[in-house]
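Here the structure comes first, spelled out in C-alpha cells, and everything after it is commentary.
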Amino acid sequence: MSVSTAEFVVNKVENSRINEVDLANVQFGKNYSDHMLVAYYEDGAWKQPEIMPYNNLSLSPATTFMHYGQAIFEGIKAYKDPNGNPLIFRPYDNWKRMNRSAHRMAMPDVPMEIFVEGIKTLVQLDRDWIPTGEDTSLYIRPFMFAVDEFIGVRPAEKFMFIIITSPAGPYYNKPVSIFVQDQYVRAFPGGIGYTKAAGNYGMSMYPTMKIKEKGYDQILWTDGFEHKYVQEIGTMNVFFVIGDKVITPDINQDTILAGVTRDSVITLLQEKGVVVEERNISINEIQDAHHAGMLKEAFGTGTAASIAPIYALTYHDDKMELPPLEKWDVANWLKKELSDIRYGRKEDTHNWIVRP
Ligand code: COI
C-alpha cells in the first residue's frame, strides 16, 4: 500500500505531559512522549495509520502474540542539532531490518511510508521531548505484534504496528562488566538470532538474571555448537581492539543482529584507515591476546547503548581486565565522531541523517 504523511490521522493531546519530565536528567526507557502511531494490518492490507495521544491498549487475552511470541521491534534515535532542529539517525536502515525480522517471523512488511514517515511525523510533533544534553536522545521504538484472537498455533492474519518515543539518557552510565556465557545459547544458524524478535530477548532474561546476581552487567554469547566463538552481547554487538586491528564477529550465519551502529562503526573505522576484520573470533584468541598484552579495548555497539566500553571480560575463572579508558584510542575516537554526526555538529557524508 502507499500511505502518504498527509494520510496520517493526527489526533493531538489536549495537554502535553512534558512538564512532568525533567529532560535534563532523564533516564533510559522510563518516560514516553505525548503521541504514538498505531496502524492495523487486516485482510491483507495496512489500514490508515493514526497518530494519537500515548495511551494504554485494550486487547483480548486470546491475542496470539501473548501466547506464541509473534512480535518484533526496532530501536532508533533522534537528536537535536546545535540550532535545535531534530535529526533522525539512519531510520531507513532500521526499516529494512524490521522487514527482515518480519519476513522470518511470518509477519507483513511494514511500508516505508508508515515506518519512516510515521517516525518523521512523530518526531516533528513531539520535538520538544528531544533532550539536548550530551548522550541524550529521543529513543524511538517501532514494534509489531500479532493480534488475532485465536488459541491455535498458526501465523496470524492481523497485526498491530506501533511507534512510541521516549526521551532517554544513556543506557549504560559506566563501563560494563561482561560474562562470557558457555552454558546457555542465544542463537543457532537457521534460527532467529539475526532478527529483533521479542523472543530473542525473552529467552535471555534467565541467564542474564543469573549473571547479574554475580555482579556482571551483561552476557557475551558464544556459538551454540562449540561455545567457542563469541557472537554478541545481550544488548549490543561487540568489538575487540587487538594490536592495531579491530575485530568483530561476522554476521553471515544468521545468528547475530546486523546492528546499524555496528555498521556505522565499521564504516567510520575503515574510512579512517583502520583494519577491521569481520570474522569468527574465539574466546581463546581473546584470552591469548589479553595475556600477551595485545587486547587494548573491547566495547559494545548498539542504538540504545551507543558505544559501551567493557572494563572486564570474564570467562570461567579468567577475569580479563582492560586497560584504563583514557588509553583507548579507538572507542573514544568513535564515540566522539559518531556523536558529532548524530548531533549535527559534523557534516553527514553518508546520508545517515534524516530530517523530519
Ligand atoms: C537498541 O539498541 O535499540 C535495542 O533495541 C536494544 C535493546 C536491548 C534496548
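The values are calculated or read from the model by the stated rules, or taken from the named source; none is laboratory data. Predicted, not measured: the structure shown is a model, and the values here were computed from it. Every residue, glycine as well, gets a Cβ built from its backbone with ideal geometry; the counts of neighbours run over all protein chains shown. All accessible areas refer to the heavy atoms of the entire protein, side chains included, with ligands and DNA or RNA removed. Shrake-Rupley method; radii C 1.70, N 1.55, O 1.52, S 1.80 Å.
Going by the structure shown, is Ala71 in contact (Cβ under 8 Å) with a residue 12 or more places away in the chain, of a type outside the set (Lys, Arg), open to solvent by less than 30 Å² (accessible area, probe 1.4 Å) and not assigned by TED's automatic domain parsing to the domain that holds Ala304? Yes, satisfied. Residues considered: Asn19, Asn31, Asn56. Of these, the only one that is open to solvent by 90 Å² or more (accessible area, probe 1.4 Å) and part of a loop (DSSP other than H, G, I, E, B) is Asn56.
Of the strands (runs of 3 or more DSSP E) lying entirely inside the range 198-302, the ones with 3 or more residues being within 16 Å of the ligand (Cβ to nearest atom) are found at 218-222, 230-233, 237-242, 295-302. Take the range 209-224 and flag every residue that is over 23 Å from Ala331 (Cβ atoms) and in contact (Cβ under 8 Å) with a residue 12 or more places away in the chain. Correct list: Lys214, Asp223, Gly224.
Might you check whether a residue that is among the hydrophobic types (A, V, I, L, M, F, W, C), open to solvent by 20 Å² or more (accessible area, probe 1.4 Å) and in a helix (DSSP H, G or I) occurs anywhere in the range 103-117? Yes; the residues of the range 103-117 include at least one that is among the hydrophobic types (A, V, I, L, M, F, W, C), open to solvent by 20 Å² or more (accessible area, probe 1.4 Å) and in a helix (DSSP H, G or I). Taking Ile310, is it of a type outside the set (Asp, Glu), open to solvent by less than 30 Å² (accessible area, probe 1.4 Å) and assigned by TED's automatic domain parsing to the domain that holds Lys212? Criteria met by Ile310.
Hey, can you tell me all the residues within the range 204-246 that are of a type in the set (Lys, Arg) and under 17 Å from Pro189 (Cα atoms)?
The initial filter retains those residues of the range 204-246 that are of a type in the set (Lys, Arg), namely 210, 212, 214, 228, 245.
The answer is Lys228, and nothing else.
Can you pull out every residue in the range 133-159 that is open to solvent by less than 30 Å² (accessible area, probe 1.4 Å) and more than 20 Å from the chain's Cα centre (by Cα)? Step through it out loud before you land on a result.
Of the range 133-159, the ones open to solvent by less than 30 Å² (accessible area, probe 1.4 Å) are 136-140, 142, 144-148, 152, 156, 159.
Matches in the range 133-159: Ala146, Val147, Asp148, Gly152, Ala156, Phe159.
Cβ-Cβ distances below 6 Å connect the following pairs, each with a first residue in the range 21-43 that is closer than 16 Å to Lys77 by Cβ, a second residue that is surrounded by 21 or more Cβ atoms within 10 Å (Cβ to Cβ) and of a type in the set (Asp, Glu), and a separation of six or more residues or different chains: Ser33/Asp126.
Within the range 134-160, the set of residues being within 16 Å of the ligand (Cβ to nearest atom) and closer than 27 Å to Met52 by Cα comprises Thr136, Ser137, Leu138, Tyr139, Ile140, Arg141, Pro142, Phe143, Met144, Phe145. Every listed requirement among (1) closer than 30 Å to Val38 by Cβ; (2) outside the structural domain of Gly75 (by TED's automatic domain parsing) is met by Glu213 save one, (1).
Kindly check whether there is at least one residue in the range 316-327 that is farther than 30 Å from Thr121 by Cβ, touching a strand residue (DSSP E or B) at 6+ places or on another chain (Cβ under 7 Å) and surrounded by 18 or more Cβ atoms within 10 Å (Cβ to Cβ). Yes - at least one qualifying residue is present in the range 316-327. Evaluation of Val246 against the conditions (1) in contact with a strand residue (DSSP E or B) (Cβ under 9 Å, 6 or more places away or on another chain); (2) within 29 Å of Glu337 (Cα to Cα); (3) open to solvent by 50 Å² or more (accessible area, probe 1.4 Å); (4) of a type outside the set (D, E, K, R) shows that the sole unmet condition is (3).
Going through Ile151, Ile192 one at a time, which residue ends up being outside the structural domain of Met294 (by TED's automatic domain parsing) and modelled with pLDDT of 95 or more? Walk me through how you get there before you give the answer.
Values: Ile192 fails: outside the structural domain of Met294 (by TED's automatic domain parsing).
Of Ile151, Ile192, the one residue that is outside the structural domain of Met294 (by TED's automatic domain parsing) and modelled with pLDDT of 95 or more is Ile151.
Residue count for the range 118-132 under the criterion of being more than 23 Å from Trp46 (Cα to Cα), charged (D, E, K, R) and open to solvent by 30 Å² or more (accessible area, probe 1.4 Å): the result is 2.
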